[in-house]
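This report refers to the structure that appears directly beneath it.
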Amino acid sequence: MMDIAVIGSNMVDLISYITDMPKIGETREAPDFEIGCGGKGANQAVAAAKLGADVMMVSKVGDDLFAGNTVDNLRRCGVDTRYVERISGVSSGVAPIFVDRDSHNRILIIKGANNYLMPADIDRAAEQLKTCRLFILQLEIPLPTVYHAIDFARRHHVPVMLNPAPASRELDMRYACQCDFFMPNETELEILTGMPADSEEHILQAGRTLLSQGLKNLIITLGHRGSVWMTGDSVHRVAPVAVNAVDTSGAGDAFIGSFARYYVADGDVRRAMTYASAYAAYSVRGKGTQRSYPDASQFQDFLATLTQE
Ligand code: RIB
């Protein structure tokens with residue numbers, strides 16, 4: 001029996017810490033660089049596994065220098081990699097990331113092997129996937145694979161969390177409506193609705209527009225403004241945990257992976273959001289994506305400091 005299956009991406013994060021973006025034709029020096037394991041799927045899997053959940057991934061790596069390290073890292077973090085396959089002739093996914101002096105990030109993705117995760121890969125993992133209590137999906141893999149995973153989950157009564165990231169207006173909302181949780185950030189909310197999400201009022205309006213299409217639970221992550229859970233007839237806000245942010249890359253994934261870990265434990269959405277908010281806050285205090293995620297004991301220590309304040 002598995003707690004969580006992440007059917008999704010992995011990437012190698014190439015993170016440049018910059019002061020200013022160069023103009024066209026300009027060369028600028030940037031103060032720092034980090035390389036690390038990332039990808040929205042892998043980040044979410046690692047967050048949940050570091051907190052003690054049994055997590056498996058269905059994912060693809062290429063046949064380059066990065067592939068072995070990506071699989072080793074997942075294993076070290078406690079993720080079951082039986083269905084993380086290496087394919088020849090393509091690169092692994094990579095993500096050049098630019099973090100500015102305000103700790104905000106801009107991310108490019110080159111999907112590489114992630115583009116080759118197919119519906120047949122889900123069928124190959126079917127016996128294991130049927131034992132899971134939750135699926136987590138994102139949009140860094142082909143949409144037909146995402147839809148196949150949702151169909152599979154419905155057939156086998158497995159709840160699904162869909163993180164529509166990166167946002168794509170091609171996403172067929174009929175599939176999104178079959179998921180138990182739909183979890184965009186505010187930028188993804190704007191792209192999906194074509195509406196502004198720059199104030200609380202606008203966020204709620206855009207959220208209601210999405211919900212009117214038939215979504216069950218909408219959880220919007222709002223960075224330093226916290227998060228909000230909306231259903232057809234309720235709104236629950238979770239305040240942010242204030243910290244000094246160094247690098248916000250992967251904070252949304254930290255929220256989603258940790259939310260999943262706590263949600264599968266007892267089905268309490270409010271409690272899971274409160275923990276996820278703290279987990280994401282911890283992650284922005286350090287550089288990198290997965291590298292900045294605490295394990296269960298580091299997280300417990302952090303929670304203890306919050307209750308003392
Ligand atoms: O959400 C952050 C992630 O987006 C990064 O780790 C990067 O790899 C991209 O997938």
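Any chance you could count how many residues in region 82-101 are aliphatic (A, V, I, L, M), in contact with a strand residue (DSSP E or B) (Cβ under 7 Å, 6 or more places away or on another chain) and either more than 9 Å from the ligand (Cβ to nearest atom) or in a loop (DSSP other than H, G, I, E, B) (or both)?
Here the count works out to 3.
Report yes if some residue within region 102-110 is within 18 Å of Ser9 (Cβ to Cβ) and in a loop (DSSP other than H, G, I, E, B); otherwise report no. Yes. Counting the residues of region 60-69 that are among the hydrophobic types (A, V, I, L, M, F, W, C) and either within 21 Å of Ile256 (Cα to Cα) or open to solvent by less than 50 Å² (accessible area, probe 1.4 Å) (or both) gives 2. Annotation: Arg237 fulfils all but one of (1) touching a Gly at 6+ places or on another chain (Cβ under 7 Å); (2) open to solvent by 50 Å² or more (accessible area, probe 1.4 Å); (3) modelled with pLDDT under 95; (4) not β-branched (Val, Ile, Thr); the unmet one is (3).
Taking the listed residues Asp253, Asp247, the one that is at pLDDT below 95 and within 16 Å of the ligand (Cβ to nearest atom) is Asp247, with no other qualifying.
In the set Leu303, Leu222, only one residue is more than 16 Å from the ligand (Cβ to nearest atom), modelled with pLDDT of 95 or more and open to solvent by 10 Å² or more (accessible area, probe 1.4 Å); that residue is Leu303. Residue by residue through region 16-46, note down the ones that are touching a Lys or Arg at 6+ places or on another chain (Cβ under 7 Å) and either open to solvent by less than 20 Å² (accessible area, probe 1.4 Å) or within 13 Å of the ligand (Cβ to nearest atom) (or both). Correct list: Glu34, Gly36.
The set of residues in region 179-195 that are surrounded by fewer than 17 Cβ atoms within 10 Å (Cβ to Cβ) and either within 14 Å of the ligand (Cβ to nearest atom) or closer than 16 Å to Pro144 by Cβ (or both) contains only Thr187. With respect to (1) open to solvent by 10 Å² or more (accessible area, probe 1.4 Å); (2) farther than 20 Å from Pro159 by Cα; (3) not aromatic (Phe, Trp, Tyr), the lone exception for Asn217 is condition (2).
Residue check: is Ile122 among the aliphatic types (A, V, I, L, M), touching a residue at least 40 places away in the same chain (Cβ under 8 Å) and more than 23 Å from Leu189 (Cβ to Cβ)?
yes
Do we have Met57 as touching a Pro at 6+ places or on another chain (Cβ under 9 Å), at pLDDT 95 or above and either within 16 Å of the ligand (Cβ to nearest atom) or open to solvent by 20 Å² or more (accessible area, probe 1.4 Å) (or both) here? Spelling it out, it is not the case that Met57 is touching a Pro at 6+ places or on another chain (Cβ under 9 Å), at pLDDT 95 or above and either within 16 Å of the ligand (Cβ to nearest atom) or open to solvent by 20 Å² or more (accessible area, probe 1.4 Å) (or both). Residue selection: Asp72 satisfies the criterion of being open to solvent by 10 Å² or more (accessible area, probe 1.4 Å), away from the ligand (no atom under 16 Å from the Cβ) and part of a helix (DSSP H, G or I).
The values are calculated or read from the model by the stated rules, or taken from the named source; none is laboratory data. None of the values given here were measured: they were computed from a predicted structure. Methodologically, a virtual Cβ is constructed for each residue, glycine included, from the backbone with ideal geometry; neighbour enumeration extends over all protein chains shown. Protein only, heavy atoms only, side chains kept; ligands, DNA and RNA dropped before computing areas. Shrake-Rupley method; radii C 1.70, N 1.55, O 1.52, S 1.80 Å.
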